[in-house]
Amino acid sequence: MRAAIYPGSFDPVTYGHLDIIRRASSIFDELTVSVLNNNTKTPLFSVEERVRMLEEATKDLPNVTVDSFSGLLIDYADRKGIHVAIRGLRAITDFEYELQIAQTNRKFSDGNLDTVFLTTSLEYAYLSSSTVKEIASFNGDISKCVPDFVAGLIYEKYGFSR
Ligand code: PNS
């Protein structure tokens, strides 16, 4: 059984994330998408809200489950008995940051956690959760970035009804 974890903030989930989830779920038998509960960031959505959005957005993928975690990814992966983390790469700038984290995770897990990178489809290469939030905060159009129900929830957070 080949299992993988796709960790991230997912604040909120975008079409870029969903592209990675869909492709990773076709490579691995089981994919756990896991939301980091990070006390140092002030997210737009609570962990519970982000989990619910991911569950709704991935409900057509039977081998995908959604979870959350706190602390180190290597400890969470160890508890779950999973040895592969998935990360999406949009550009070379992502790579520099991701390479360091991947190597740290591999080193500190004594080789028990490897990272598999998927390159984001070109149509989503520009996309990030931060950009989506910035556009939405000015009541801009984010319909090309996130599913409709996610867009509705984002606008709601910024006090817009669309
Ligand atoms: O979506 P993001 O914010 O780019 O995801 C980053 C994430 C969650 C993958 C990364 O910050 C993470 O794994 N954090 C948990 C703490 C940890 O294990 N850090 C890596 C060693 S420095």
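Kindly evaluate Ala102 against the criterion of being without any contact (Cβ under 8 Å) to a residue 24 or more places away in the chain, of a type in the set (A, V, I, L, M), within 18 Å of Met53 (Cα to Cα) and assigned to a helix (DSSP H, G or I). Please lay out each step first, then the result.
Details: without any contact (Cβ under 8 Å) to a residue 24 or more places away in the chain: yes; of a type in the set (A, V, I, L, M): yes; within 18 Å of Met53 (Cα to Cα): no; assigned to a helix (DSSP H, G or I): yes.
It is false that Ala102 is without any contact (Cβ under 8 Å) to a residue 24 or more places away in the chain, of a type in the set (A, V, I, L, M), within 18 Å of Met53 (Cα to Cα) and assigned to a helix (DSSP H, G or I).
Just to be sure I understand, how many residues within segment 33-60 are over 18 Å from Pro12 (Cβ atoms) and away from the ligand (no atom under 13 Å from the Cβ)?
In the first step, residues of segment 33-60 are kept if they are over 18 Å from Pro12 (Cβ atoms); the result is 39-40, 60.
Keeping just the survivors that are away from the ligand (no atom under 13 Å from the Cβ) gives 60.
Total meeting the criteria: 1.
One residue is enough: does segment 69-89 have a residue meeting the conditions in contact with a Leu (Cβ under 7 Å, 6 or more places away or on another chain), away from the ligand (no atom under 14 Å from the Cβ) and on the phi < 0 side of the Ramachandran plot?
yes
Determine which member of the set Arg162, Arg87 is in contact with a Phe, Trp or Tyr (Cβ under 9 Å, 6 or more places away or on another chain) and modelled with pLDDT under 95. Can you show your working first?
Numbers: Arg87 fails: modelled with pLDDT under 95.
Selected residue: Arg162, the only one of Arg162, Arg87 that is in contact with a Phe, Trp or Tyr (Cβ under 9 Å, 6 or more places away or on another chain) and modelled with pLDDT under 95.
If you take the residues of segment 104-113 that are over 17 Å from Ala4 (Cα atoms) and within 12 Å of the ligand (Cβ to nearest atom), which of them is surrounded by the fewest Cβ atoms within 10 Å (Cβ to Cβ)? Give the steps one after another, and end with the answer.
So the first thing to find is which residues in segment 104-113 are over 17 Å from Ala4 (Cα atoms), and the list is 104, 107-108, 110.
With within 12 Å of the ligand (Cβ to nearest atom) added as a condition, the list becomes 104, 107-108.
Details: Thr104: 14, Lys107: 11, Phe108: 14.
Once the filter is applied, the top-ranked residue is Lys107.
With among the small types (Gly, Ala, Ser) and closer than 25 Å to Ala151 by Cα as the only criterion, which of Gly88, Gly111, Gly81, Gly71 stands out? Lay out the reasoning, then the answer.
Numbers: Gly111 fails: closer than 25 Å to Ala151 by Cα; Gly81 fails: closer than 25 Å to Ala151 by Cα; Gly71 fails: closer than 25 Å to Ala151 by Cα.
The match here is Gly88.
Looking only at segment 121-157, count every residue that is surrounded by 13 or more Cβ atoms within 10 Å (Cβ to Cβ), of a type in the set (S, T, N, Q) and under 17 Å from Leu18 (Cβ atoms) and tell me the total.
Number of matching residues: 4.
For segment 16-50, give me the residue count where each residue is surrounded by fewer than 19 Cβ atoms within 10 Å (Cβ to Cβ) and part of a helix (DSSP H, G or I).
8
With Leu89, Leu118, Leu72, Leu61 as the choices, which residue is in contact (Cβ under 8 Å) with a residue 60 or more places away in the chain and surrounded by 14 or more Cβ atoms within 10 Å (Cβ to Cβ)? Before you say what the answer is, go through the steps one by one.
Working: Leu89 fails: in contact (Cβ under 8 Å) with a residue 60 or more places away in the chain; Leu72 fails: in contact (Cβ under 8 Å) with a residue 60 or more places away in the chain; Leu61 fails: in contact (Cβ under 8 Å) with a residue 60 or more places away in the chain.
Just one listed residue meets the conditions, Leu118.
The values are calculated or read from the model by the stated rules, or taken from the named source; none is laboratory data. Treat the numbers as computed from the prediction; the structure is a model and nothing was measured. Cβ coordinates were reconstructed from backbone atoms using ideal geometry, including for glycine residues, and neighbour counts include every protein chain displayed.
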